[in-house]
Amino acid sequence: MLETARQYRRCKKSPVEKTRAFLEKIRSDTFNAFITVDEAGALQGAQVAEELLKSPDAGALAGIPVAIKDNICTRGVRTTCASKILSGFVPTYDATVVKKLKEQGAVILGKTNLDEFAMGSTTTSSIAGPTRNPRDPSRTPGGSSGGSGAAVAAGLCAGALGSDTGGSIRMPASFCGITGLKPTYGSVSRYGLVAFASSLDQIGPMAPTARDAAVLFDAIKGYDPLDSTSVPRDYGPTDLDGIDLKGLRIGVPEEFFGEGLNQEVKAAVQSGIAVLEDMGGRIVEVGLPHAGYGVAVFYIVATAEASSNLARYDGVRYGLRVQDPLDLGDMYARTRATGFGPEVKRRIMLGTYVLSAGYYDAYYRKASQVRTLIAEDFRSAFSRCDIIAGPTTPVTAFRLDEMIDDPLSLYLLDIYTIPANLAGLPALSMPCGFDSLGLPVGMQLMAPHFREDLLLGAGISFQDRTAYHQEGS
Ligand code: GLN
């Protein structure tokens with residue numbers, strides 16, 4: 001991304017040329033990374049960027065081709081959430097993140113594939129069919145932002161946006177060998193992000209390197225009055241030179257290295273942590289005693305919020321409406337029965353159940369209480385360390401014909417990523433090695449609220465020292 005920006009400055013390449021080259025590559029994409037490609041919009045954006053670049057004030061993103069997960073609204077370009085119920089939905093407005101990217105001259109190439117309504121870990125439950133992992137096309141790219149992960153890993157865009165409710169940026173980043181950041185809750189506007197679980201959702205960058213992710217994060221972060229959970233504060237720019245790791249206290253929670261963690265993943269993450277130590281970091285053992293309840297808490301809180309958020313798809317306001325209904329009830333019922341896929345229905349049913357009278361106290365209230373305990377675990381851990389390091393996922397990318405029929409084992413893949421969402425903390429995943437099949441392994445770093453500077457800074461310094469990542473263009 002930064003190399004392209006430099007080429008533009010030296011007039012070695014033009015945004016229109018670069019955009020054409022990416023569009024050409026996307027045309028022969030065999031990984032199914034995109035749901036919609038906006039050729040006309042992208043070329044128009046590239047022309048605007050050429051004008052912008054005539055000014056010395058143009059930012060690093062001017063003319064940079066990026067891709068957007070298809071649950072983020074784009075004015076005039078359909079936004080499907082990979083669901084039949086929204087397959088014909090064309091938003092009349094841009095999400096705040098898209099507006100910001102456009103204002104800074106980024107070129108939007110199109111919309112990337114995902115699990116329906118961002119519910120999943122494989123990018124298979126999409127109306128557009130499954131996305132494949134560019135590292136091995138017989139495998140999943142992870143999910144739910146697997147389209148963005150695959151597009152970045154295959155070089156079909158310079159960077160992308162994903163969304164992360166329980167790990168959906170970090171898991172595909174880990175499986176595809178790229179860098180992904182889930183920002184602090186409230187630091188990036190959710191306005192225009194189709195809601196899955198509003199208290200957990202965050203939009204974030206996915207890119208070849210931590211440096212590229214930092215450029216994208218800086219472009220989209222900041223207070224937005226259109227999002228009532230957006231936090232007003234001074235968001236300074238990230239230092240793209242990285243940070244000095246000398247004396248940085250790196251917390252390693254034993255709970256993240258227990259049973260269920262693949263041995264090869266464990267070895268790669270431990271070697272990544274050893275690099276951080278070698279660069280001057282100080283390892284501190286920390287405990288996250290309630291983190292193990294994270295998956296259970298998540299599937300109560302997230303499904304409860306999803307059941308409420310998805311009530312709006314009723315065939316009346318927008319989206320699918322079945323033909324010739326008998327009456328209003330029949331129209332609601334058949335629209336939703338036809339429009340939603342099995343996993344989304346499963347979540348709506350679970351969410352309705354945990355919120356129902358008689359079960360609310362046993363499930364939703366209890367889950368909210370445990371969520372607070374998980375947040376407190378982090379608070380006390382961060383009194384002893386600056387960042388926490390561990391694996392992103394317990395396994396590497398699995399084959400598309402494995403596991404995807406068993407929802408429970410898929411839910412368990414989010415065991416290390418969910419705690420950061422429940423506590424609202426920022427978390428980054430970056431490559432730290434490979435397993436014996438040559439598949440990338442992701443290392444996760446977590447930090448206190450609004451300390452993305454530590455995550456990106458440590459990521460940049462780590463990547464300047466190692467070669468597990470691939471430089472983008
Ligand atoms: N994999 C988790 C799920 O299926 C998280 C998804 C996400 O972060 N959007 O819900």
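The values are calculated or read from the model by the stated rules, or taken from the named source; none is laboratory data. Here the structure is a predicted model, which means the values were calculated and not measured. Glycine gets a Cβ as well: all are built from the backbone with ideal geometry, and neighbour counts include every protein chain shown. Note: areas computed on protein heavy atoms with side chains; ligands, DNA, RNA excluded. Shrake-Rupley method; radii C 1.70, N 1.55, O 1.52, S 1.80 Å.
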For this session: Rounding to the nearest 20 debye, state how big the charge dipole of the chain is about its Cα centre with +1 on each Lys and Arg Cβ and -1 on each Asp and Glu Cβ.
Result: 800 debye
Seminar exercise, completed: Summed over the other residues with a beta carbon less than 11 angstrom from that of K12, with K and R at +1 and D and E at -1, the charge totals +3
Exercise. In what sequence, highest mean first, do 314-324, 160-170, 330-340, 356-366 appear when ranked by Cβ atoms within 10 angstrom?
Worked result: 160-170, 330-340, 314-324, 356-366
Problem set entry | Exposure rank, largest accessible area first [I26, I283; 1.4 Å] | I283, I26
For this session: At 1.4 Å probe size, with every protein chain present, just tell me what the per residue accessible area of the stretch 132-207 comes to in Å².
Result: 11 Å²
Exercise. If you wrap the chain's Cα atoms in a convex hull and average its projection over all directions, what's the area in nm²?
Worked result: 21.5 nm²
Seminar exercise, completed: On the formula 1/(1 + (r/R0)^6), with r taken between the Cβ atoms of Q263 and T229 and R0 of 60 Å, the FRET efficiency rounded to 0.05 is 0.90
For this session: Please check which bits of the stretch 370-394 a label hung off V284 would reach, taking the label as a point 7 Å along Cα-to-C-beta and the cut-off as backbone N under 12 Å.
Result: 379-389
For this session: Subtracting the Cα-Cα distance from 0.36 nm times the residue separation, let me have the gained length for R317 to S383 in nm, one decimal.
Result: 18.9 nm
Seminar exercise, completed: For V286, the residues 5 or more places away or on another chain with a placed amide H closer than 5 Å to its own amide H are V252, E254
Seminar exercise, completed: L412 and T372 label points (each 7 Å along its Cα→Cβ direction) are spaced in nm at 3.1 nm
Exercise. Using 7 Å Cα-to-Cβ label points, what is the R75/R20 separation (nm, one decimal)?
Worked result: 2.8 nm
Seminar exercise, completed: A 1.4 Å probe over the protein heavy atoms gives the chain a carbon and sulfur accessible-area percentage of 53 percent
Exercise. Taking a threshold of 23 Å on the Cα-Cα distance, which of the pairs K18/K111; K18/K69; K18/K100; K99/K182; K84/K366 fall above it?
Worked result: K84/K366
Seminar exercise, completed: Per residue, accessible area of the stretch 375-473 with a 1.4 Å probe, heavy atoms of protein chains only, in Å², comes to 34 Å²
Problem set entry | Karplus 3J(HN,Hα) series, Hz, for the stretch 240-253 with 6.51 cos²θ - 1.76 cosθ + 1.60 (x for Gly, Pro) | 6, 7, x, 10, 7, 7, 4, x, 5, 8, 9, x, 10, x
Exercise. Which whole-Hz ³J(HN,Hα) couplings does the stretch 315-330 yield from phi under the Karplus relation 6.51 cos²θ - 1.76 cosθ + 1.60, θ = phi - 60°, glycine and proline marked x?
Worked result: x, 9, 7, 7, x, 4, 9, 5, 7, 6, x, 6, 7, 4, x, 5
Problem set entry | Mean shadow area of the stretch 52-167, taken as a quarter of the surface of its Cα convex hull (nm²) | 7.5 nm²
Problem set entry | Qualifying GluC sites (Glu not before Pro) for the stretch 386-473 [loop in DSSP, other Cβ within 10 Å: at most 15] | E402, E471
Problem set entry | Spin-label pair Q470/V90, simplified geometry with 7 Å Cα→Cβ offset, distance in nm | 3.5 nm
Seminar exercise, completed: The extension gain from A40 to L326, computed as 0.36 nm times the residue separation minus the Cα-Cα distance, is 98.8 nm
For this session: Order these peptides, 67-74, 215-222, 36-43, by their mean beta-carbon neighbour count within 10 angstrom, highest first.
Result: 67-74, 215-222, 36-43
